[in-house]
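These notes concern the structure reproduced below.
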Amino acid sequence: MDTAGVNQVRLHVLRTAMDGHGVPSASQTATALGIGEEQAVEGYRQLAEGHVYVLEPGDPTRLRMANPFSAVPTAHEVKARGKTFFGNCIWDACGIVSLLGGTGEVRTQCPDCGDPMTLAMADRKLIRKEGVVHFSVPSAHLWDDIIFT
Amino acid sequence: MLLFRSEEHVERSGTPAGAFMSADQIWGLADAWYHDRDDPQWRRRNLEESQKVFDDLGLKGDFWNLG
């Protein structure tokens, strides 16, 4: 698949997630774009290889992450545009708010005490903040095991 | 990357050592990283461009070195 085709797949996946319809399977992407499923799978493979998205382990027809969106529920819930989304981590959850215009909330829990915690943004400004963000993995190794990261 | 109540809660949880950033920094990082992701012309940043995003947020030192 050429670069333009991969970009078309990238944008379809992202915009589907942005619209609140979740991360589409390769079959759904193929139908929407009028391409063969094997082409959509190839697009997903190239996007994963380029560290743009992340494949579901053991299933090349599905994405686990269409960054910043998670295809599965996580502890990082996002409320924006009247819809609910899930981020892969606190970075990506904030990224969903950014991508959706810069107004929204990220809700999570302290992994230690379980206390609910919220970050809120309006017009690209952080208007409610609490806590500290912890990175376990040095930046140079973020993609070594991205699902763990 | 997880949001904890405080650094003490990170230590208490037994989470492996790493590094911290503030809520302002994570929002700045996320906004810089993702705001234009739906632009058809978007392309992945190269190493230098990515490092500049970290540097501009004051995230400097070995832990934040992408190279």
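Helix-only mean residue ellipticity at 222 nm, chain A, DSSP H runs n ≥ 4 weighted -39,500 (n - 2.57), per residue, nearest 500. What is it? Walk me through the intermediate numbers first.
Numbers: 4 runs with 47 residues, N = 149.
Mean residue ellipticity, 222 nm, calculated: -9500 deg cm²/dmol.
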### Query
Taking the Cβ-Cβ separation of A:Cys113 and B:Trp42 as r and a Förster radius of 45 Å, what is the calculated FRET efficiency to the nearest 0.05?
0.75
#### Entry: Net charge of neighbours whose Cβ lies under 11 Å from the Cβ of A:Met65, counting Lys and Arg as +1 and Asp and Glu as -1
0
### Task
Identify which of A:Ser139, A:Ser98, A:Ser70 has the largest mean-square fluctuation in a Gaussian network model of chain A, with springs joining Cα atoms closer than 10 Å.
A:Ser139
### On Cα atoms only, tilt of B:23-34 relative to the major axis of chain B in degrees
30 degrees
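Quick one: net charge around A:Ala122, please, counting Lys, Arg +1 and Asp, Glu -1 for every other residue with C-beta under 14 Å from its C-beta. Numbers along the way, then the final one.
Working: positive: A:Lys79, A:Arg81, A:Arg124, A:Lys125, A:Arg128, A:Lys129; negative: A:Glu105, A:Asp123, B:Asp31.
Spelling it out: positives minus negatives among the neighbours equals +3.
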### Proximal lysines to A:Lys83, defined as alpha-carbon separation beneath 29 angstrom and excluding residues fewer than eight positions away on the same chain
A:Lys125, A:Lys129
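Give me Rg over Rh for region A:1-81, both radii from the alpha carbons and Rh done the Kirkwood way, two decimal places.
Numbers: Rg = 12.0 Å, Rh = 12.5 Å.
Rg/Rh for region A:1-81 comes to 0.95.
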### Alpha carbon centroid spacing (whole Å) that separates region A:72-116 from region B:3-35
14 Å
### Task
Go ahead and set up a Gaussian network model of chain A, Cα springs under 10 Å, then flag whichever of A:Glu105, A:Glu42, A:Glu130 fluctuates most.
A:Glu130
### Task
Return the lysines within reach of B:Lys60: Cα separation strictly under 18 angstrom, same-chain partners fewer than 8 residues apart disregarded; answer none if there are no such residues.
B:Lys52
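If Lys and Arg each add +1 and Asp and Glu each add -1, what is the summed charge of the other residues whose beta carbon sits under 15 Å from the beta carbon of A:Tyr53? Please list the in-between numbers first.
Values: positive: A:Arg10, A:Arg15, A:Arg45, A:Arg62, A:Arg64, B:Arg37, B:Arg43, B:Arg44; negative: A:Glu42, A:Glu49, A:Glu56, A:Asp59, A:Asp92, B:Asp38.
Summing Lys/Arg as +1 and Asp/Glu as -1 gives +2.
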#### Entry: Karplus-derived HN-Hα couplings along region A:6-18 (A = 6.51, B = -1.76, C = 1.60, θ = phi - 60°), whole Hz, x at Gly and Pro
5, 5, 5, 5, 3, 5, 4, 4, 5, 5, 5, 5, 4
### Task
Please report A:His141, A:His134, A:His12 as a ranked list, fewest other C-beta atoms within 10 angstrom at the top and most at the bottom.
A:His141, A:His12, A:His134
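In percent, what relative contact order does chain A have, based on Cα pairs under 8 Å that are 6 or more apart in sequence? Don't jump to the answer; show the numbers that get you there.
Numbers: 248 pairs, mean separation 19.4, N = 149.
It rounds to 13 percent for chain A.
When B:Glu49, A:Glu56 are ordered from fewest to most other Cβ atoms inside 10 Å of their Cβ, what list results? Display every interim value, and only then the final one.
Working: B:Glu49 11, A:Glu56 18.
So the residues, fewest neighbours to most, are B:Glu49, A:Glu56.
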#### Entry: Tilt relative to chain A, helix A:37-49 - C-alpha long axis, 0 to 90 degrees, to 10
50 degrees
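Bear in mind these aren't lab numbers, they're just calculated from the coordinates by the rules spelled out. A quick note: this is a predicted structure, and the numbers were derived from the prediction, not measured. Glycine also receives a Cβ, built like all others from the backbone with ideal geometry; neighbour counts cover every protein chain displayed.
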